[in-house]
Amino acid sequence: MTTRRPTRGLAPLTFATGTFDWAVVGLGSLMLFGVHLDAWAHHRFALESFFTPWHGLLYAGFALLALLLAGTALREGGLRPGVMPAGYGPALVGAGLFALGGVSDLVWHTLFGIEVSVEALLSPPHLLLALGAGLMVTGPLRAALARGETRAPWPALASLALLLALLTFFTTYANPLTEAGELGQGGELTQALGVAGVLVQAALLTGTLLFAVRRFALPPLGLTLIVTLSSVLMLLVHVNYVLLPALLATGLLADGYAAWLRPAAQQARAFQVFAALVPATLFALTLPTLAYTGLLGWSVTLTSGAVTLAALTGWLLSFAFLPLKETHDQIDGWPLDCRPEASPAGGRPGPPRLP
């Protein structure tokens, strides 16, 4: 007589399973898709009301994610301190902030009208919405860190990509990749603002990727996921899909640099080279693409200078991610095994130690 094995069902949707992390990533992606779609609508139509289909999608994604967080917390014991596992407490706080921002946004629109252009990104209710959304979508990332994961789970990387998409969205006014049409028509001041935007976006991208390589061992194509997922949402708003191959290539090359250099705290020089190569690659591929399509009229000198400054920005930012000892070893000019010995009497340093 043979006994049948019981069939295994899906893992329960709890904080302890990756299923919950993926659910948060999926609903967070829906919410941010609504954010970007709403921005696209503002570019295409003269919106005079808070109640639009695009706002509906945005708040539907938020409502589903908030219900998932609050419902699971209630099932785990109630909405009180200590119930939410490490990593998801701030996400629930973010849901409350987002709800407050939504109500504030409705009141703000009623009092001051519908914001346009840069105003829409700097409106206080919108910034509160951004803070709440950031706390919500980064739940899987904080959960992975709290669990002590050493190899990056895919939901954590997707969570980091959503954070980068949010940061990129709210700094659109300082992004030459999205405002190329405006930058290509102006004079000296416009060019200077475009180069300043290169520095801002270089810092955002490099900081995000350095955090990933500093905290986790990355799976193949992990950096490609971060760069591509965040970029696709950006391109949706501006319908500038010509940049997609360049952005995909940047992600693939970033993964290649990481596999080749193996940047880590113990490999400070490799870490710094990686930090310089990634933003330089991004703008070395995207700026000529924009110029080729006629969207950007920068000279070769201006373009090459912007790429160089992007590399310098990444290199400088790398020092913030290195331990103090490793940073000092790079600044003082001596290799690790060949530094001056301090004299026992506290006088002048002695000769360097040879390996």
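Sort the range 184-278 into rounded, prolate or oblate with this rule: let a ≥ b ≥ c be the square roots of the eigenvalues of the Cα gyration tensor; rounded if a/c is under 1.5, and if a/c is not under 1.5, prolate when a/b is larger than b/c, oblate otherwise.
Because a/c hits 1.5 or more and a/b fails to exceed b/c, the range 184-278 counts as oblate.
Provide the packing ranking of 296-305, 309-318, i.e. peptides ordered by the mean count of other C-beta atoms within 10 Å per residue, highest first.
309-318, 296-305
Could you give me the ³J(HN,Hα) list for the range 296-301, computed from phi with Karplus coefficients 6.51, -1.76, 1.60 and θ = phi - 60°, whole Hz, x at Gly and Pro?
For the range 296-301, the Karplus curve yields 9, x, 6, 6, 4, 5 Hz.
By accessible area of protein heavy atoms, probe 1.4 Å, what ranking do TYR241, TYR292 get, highest first?
Most to least solvent-accessible, the answer reads TYR292, TYR241.
Classify the range 58-173 from the C-alpha gyration tensor, please: rounded if a/c falls under 1.5, else prolate or oblate depending on whether a/b exceeds b/c.
Oblate.
Label the range 226-307 by shape, choosing from rounded, prolate and oblate, from the square roots a ≥ b ≥ c of the eigenvalues of the Cα gyration tensor; if a/c is under 1.5 it is rounded, and otherwise prolate applies when a/b is larger than b/c, oblate when it is not.
It comes out oblate by the Cα gyration axes.
Heads up, I need the accessible area for SER104: 1.4 angstrom probe, whole protein in place, Å², nearest 10.
Approximately 40 Å² for this residue.
Bins of 5 Å, beginning at zero and ending with the bin holding the largest distance: percent of Cα pairs per bin for the range 274-323, please.
5, 23, 25, 18, 13, 8, 4, 2, 0
Among GLU179, GLU115, what's the order by accessible area (1.4 angstrom probe), most exposed first? Could you put the intermediate results ahead of the total?
Working: GLU179 50, GLU115 15 Å².
Output order, biggest surface exposure first: GLU179, GLU115.
What figure in square angstrom, to the nearest 10, would you give for the accessible area of VAL116 with a 1.4 Å probe?
90 Å²
Pulled fully out, how much extra length does the chain show between VAL300 and ALA41, if you take 0.36 nm times their separation in residues and subtract their Cα-Cα distance?
Contour length minus the Cα-Cα distance gives 89.8 nm.
Which order do the peptides 136-143, 245-252, 199-206 take when ranked by the mean count of other beta-carbon atoms within 10 Å per residue, highest first?
Numbers: 136-143: 26.2, 245-252: 18.9, 199-206: 22.0.
Descending packing order for the listed peptides: 136-143, 199-206, 245-252.
Ordering TRP22, TRP260, TRP154 by accessible area with a probe of 1.4 Å, largest first, what comes out?
Ranking TRP22, TRP260, TRP154 by accessible area, largest first, yields TRP260, TRP22, TRP154.
The values are calculated or read from the model by the stated rules, or taken from the named source; none is laboratory data. All values derive from a computational prediction rather than experimental measurement. Quick reminder, even Gly has a Cβ in these numbers, built from the backbone with ideal geometry, and neighbours come from all protein chains shown. These accessible areas exclude ligands, DNA and RNA; they are computed on the full protein's heavy atoms, side chains included. Shrake-Rupley method; radii C 1.70, N 1.55, O 1.52, S 1.80 Å.
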